[in-house]
Amino acid sequence: MNRNYIAGQWLEGVTTVANINPSDTTDIVGYYAQADAAQADEAIAAAHAAAPLWASSTPQQRADALDRIGSEILARREELGRLLSREEGKTLPEGIGEVARAGNIFKFFAGEALRQRGDKLASVRPGIEIEVTREPVGTVGIIAPWNFPIAIPAWKIAPALAFGNTVVFKPAELVPGCAWALAEIISRAGLPAGTFNLVMGRGAEVGQALLDDWRIDAISFTGSVATGTRVAQAAATRLAKVQLEMGGKNPMVVLNDADLDVAVECAVQSAFFSTGQRCTASSRLIVEEGIYKRFVQRMRERTAGLKIDHALATGTDIGPVVSGAQIEQDLSYIAIGQQEGARLVHGGEAVTRATPGHYLTPAIFADCSNEMRICREEIFGPVAAIIPARDYEHALELANDTEFGLATGICSTSLKHVQHFKRHAQAGMVMVNVPTAGVDYHVPFGGRKASSLGSREQGSYAAEFYTTVKTAYVAG
Ligand code: UN1
């Protein structure tokens with residue numbers, strides 16, 4: 001049984017849960033401790049008590065610890081990638097790729113710990129000098145989703161530690177395996193006891209404890225808009241710093257002058273890979289009339305050639321949906337799309353394979369209207385809606401007509417339209433002739449509107465959330 005890590009000790013939980021493989025529901029990945037609110041309280045107390053010591057650690061200590069963590073993750077990428085794919089259901093190459101990303105993130109923030117920034121300025125008053133420096137925020141509560149079981153925890157935990165904060169990490173209930181493996185690696189990196197704590201458990205209990213406790217100075221959350229809104233409300237009540245990454249309904253615009261191969265590849269990858277379970281997935285494909293028929297045809301052909309099977313089987317392109325509840329949600333949206341009058345041109349069916357798992361063929365809806373629920377609400381599954389557009393201006397209008405604003409894409413060979421789109425797309429990230437999903441790890445990540453709240457994650461921009469600025473006035 002895999003235990004929680006609190007104040008430098010591995011502790012039993014109050015209960016345990018089985019971690020079930022979505023590719024084969026008879027396969028139990030392991031049993032994991034479940035903390036309750038009292039144990040979350042212990043973790044918060046430990047992190048709070050450890051904060052002054054870690055805040056006064058040297059940049060070298062922090063860089064060394066993060067570098068050690070990153071090196072071990074990278075060295076074990078095959079093994080951890082297999083664990084990730086087994087518990088979450090993305091394919092093995094995707095699992096290994098994600099683990100490598102997590103390792104590289106720790107390496108990047110090892111460097112960031114050393115690259116400190118500050119300003120020294122003259123005052124407007126005589127004889128006074130000003131210094132602007134950054135200090136740790138204190139203790140950070142990290143609440144992660146299930147769809148990137150190691151990369152998202154990495155891109156929150158690494159900057160938190162790099163900038164001198166202590167951490168209480170609550171992973172998603174569906175993916176304790178990678179969270180535990182990551183915690184185990186961190187536990188051997190030489191951090192003082194209490195600097196990093198793992199509490200696995202239910203959102204309603206452990207997550208809520210992090211939201212409500214005054215000793216948690218900042219909360220970084222990735223998940224749904226509904227939960228994110230509750231996180232923001234709780235943080236506002238006690239004026240805690242908050243950073244939210246939530247949903248998307250990301251558009252991919254395909255213009256008449258697009259390279260059709262590139263456009264179809266971008267669409268298929270963004271919409272269906274990782275089983276469409278990415279907040280950066282392209283779920284609305286907005287296609288100009290002149291290329292519309294050919295695009296729909298090619299998209300169907302390419303999707304029909306994809307192999308939907310066990311995440312660990314060789315040659316699988318798309319693994320299962322993560323859970324029974326999620327496939328129910330996907331299927332109910334597919335039914336809604338049909339009721340709304342969208343034309344289902346491919347897939348959308350629960351299918352069986354050699355092992356019992358949550359297998360769903362990717363669904364392509366054509367002739368959609370942007371007003372349909374399948375074009376407005378995040379489904380978080382392999383469901384793509386193709387929407388016809390009269391011309392570029394109409395496509396841009398449709399792309400921006402959404403409550404979300406995470407990633408947006410355009411496939412075109414026209415410099416004029418690409419430049420215009422980059423400026424006028426209402427999203428945090430714009431992708432030109434590349435998929436909307438699958439981002440780099442060293443540059444800012446985040447969105448606008450209902451997709452994000454607070455400052456950006458990743459890259460040097462992460463410092464904004466994980467530090468607080470101090471302005472010192474010194475008279476000589
Ligand atoms: C990616 O597309 O590479 O939950 C990352 C998500 C995002 C991460 C996407 N926060 O899907």
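Say R0 is 60 Å: what FRET efficiency, to the nearest 0.05, do A354 and A475 get from their beta-carbon distance?
Details: r = 77 Å, r/R0 = 1.28.
So, using R0 = 60 Å, E works out to roughly 0.20.
Roughly what % of DSSP beta bridges within the chain run antiparallel, to the nearest 5? Walk me through the numbers before you get to the answer.
Working: 33 of 72 bridges.
That works out to approximately 45 percent antiparallel.
Rounded to the nearest whole Å², what accessible area per residue is found for the chain with the 1.4 Å probe?
On the way: 18280 Å² over 476 residues.
In whole numbers, the chain has 38 Å² accessible per residue.
Over the range 250-432, one equal point on each Cα, no solvent: what is log10 I(q)/I(0) by the Debye formula at q = 0.08, 0.13 Å⁻¹?
Log10 of I(q)/I(0), two decimals: -0.23, -0.60.
Extension gain R188-R376, at 0.36 nm per residue separation less the Cα-Cα distance, in nm? Walk me through the numbers on the way to the answer.
Working: separation 188, 0.36 × 188 = 67.68 nm, distance 4.53 nm.
Here the segment from R188 to R376 would lengthen by 63.2 nm.
Hey, got the dipole for the chain? About the Cα centre, +1 on K and R Cβ, -1 on D and E Cβ, debye to the nearest 20?
On the way: 44 positive and 52 negative charges, 172 e Å.
So the dipole magnitude of the chain works out to roughly 820 debye.
Tell me the carbon and sulfur percent of the accessible area for the range 250-432, rounded to whole percent, probe radius 1.4 Å. Please list the in-between numbers first.
Working: 3360 of 6930 Å².
Summing carbon and sulfur atoms, their accessible area is 48 percent of the total for the range 250-432.
Provide the solvent-accessible area of Y473, counting protein heavy atoms only and rolling a 1.4 Å probe, rounded to the nearest 10 Å².
For Y473, solvent-accessible area is about 140 Å².
For T26 and E328, what does the FRET efficiency come to when R0 = 22 Å and r is the distance between their Cβ atoms, rounded to the nearest 0.05? Intermediate values should be presented prior to the final figure.
Values: r = 20 Å, r/R0 = 0.90.
For R0 = 22 Å, the calculated efficiency reads 0.65.
If I take every Cα pair under 8 Å that is 6 or more residues apart in the range 1-113, average their sequence separation and divide by the length, what percent do I get for the relative contact order?
Details: 146 pairs, mean separation 27.4, N = 113.
Over the range 1-113, the number comes to 24 percent.
Where the centroid of each part is defined by its Cα atoms, how far is the range 129-172 from the range 318-364 in Å?
Distance between centres, Cα-based: 35 Å.
Suppose the chain between Q339 and R202 were pulled fully straight at 0.36 nm per residue; how much longer would it get relative to their current alpha carbon spacing? Intermediate values should be presented prior to the final figure.
Numbers: separation 137, 0.36 × 137 = 49.32 nm, distance 3.50 nm.
Going from the current span to full extension adds 45.8 nm.
Enumerate the aspartates and glutamates that K241 could reach by cross-link, defined here as Cα to Cα under 15 Å, with residues fewer than 8 away along the same chain left out.
Those aspartates and glutamates meeting the cut-off are E135, D212, D213, D217, E457, E464.
Determine the gain in length on full extension of the stretch A49-S369; use 0.36 nm per residue of separation and subtract their C-alpha separation, reporting nm with one decimal.
Roughly 109.7 nm would be gained on extension.
Taking the Cβ-Cβ separation of S56 and W214 as r and a Förster radius of 22 Å, what is the calculated FRET efficiency to the nearest 0.05? Working shown, then result.
Working: r = 22 Å, r/R0 = 1.01.
According to the calculation, E is roughly 0.50.
In bins 20 Å wide, starting from 0, what share of all Cα pairs of the chain does each bin hold, as a percent?
Spelled out per bin, shortest first, that is 25, 54, 20, 1.
Just order 319-326, 348-355, 201-208 by mean Cβ neighbour count inside 10 Å, highest at the front, would you? It would help to have the intermediate numbers written out before the result.
Numbers: 319-326: 21.4, 348-355: 13.8, 201-208: 19.4.
Going from most to least packed, we get 319-326, 201-208, 348-355.
I need to check one value: relative contact order of the range 250-432, counting alpha carbon pairs closer than 8 Å and at least 6 residues apart, in percent.
Working: 370 pairs, mean separation 53.0, N = 183.
Once normalised by length, the contact order is 29 percent.
List the residues whose amide H sits under 5 Å from the amide H of N250, counting only those 5 or more places along or on another chain, with H placed 1.01 Å from N in the peptide plane.
S283, R284
When you count, for each residue, the other Cβ atoms within 10 Å and take the mean per peptide, how do 28-36, 414-422, 218-226 rank with the highest first?
218-226, 28-36, 414-422
With just the Cα atoms defining each centre, how far is the range 218-292 from the range 67-83? Give it in Å.
The two parts, judged by their Cα centres, are 27 Å apart.
Using Cα-Cα distances under 8 Å and only pairs 6 or more residues apart, what relative contact order does the chain have, in percent?
On the way: 1168 pairs, mean separation 86.0, N = 476.
Result for the chain is 18 percent.
Mind checking which helices in the chain clear 30 Å along their axis (Cα) and have mean Kyte-Doolittle hydropathy of 0.0 or more, DSSP H runs only? Could you put the intermediate results ahead of the total?
Numbers: long enough: 92-114 (34 Å, 0.47).
For the chain, where a helix must reach 30 Å along its axis and average at least 0.0, the hits are 92-114.
What ratio of Cα Rg to 2.2 N^0.38 Å holds for the range 226-343?
On the way: Rg = 17.9 Å, N = 118, 2.2 N^0.38 = 13.5 Å.
It is 1.33.
The values are calculated or read from the model by the stated rules, or taken from the named source; none is laboratory data. Everything quoted here is computed from the prediction, not taken from an experiment. A quick note on method: Cβ atoms are made from the backbone with ideal geometry, for glycine too, and the neighbour counts reach across all protein chains shown. Just the protein is used for accessible areas: all its heavy atoms, side chains included, with ligands, DNA and RNA removed. Shrake-Rupley method; radii C 1.70, N 1.55, O 1.52, S 1.80 Å.
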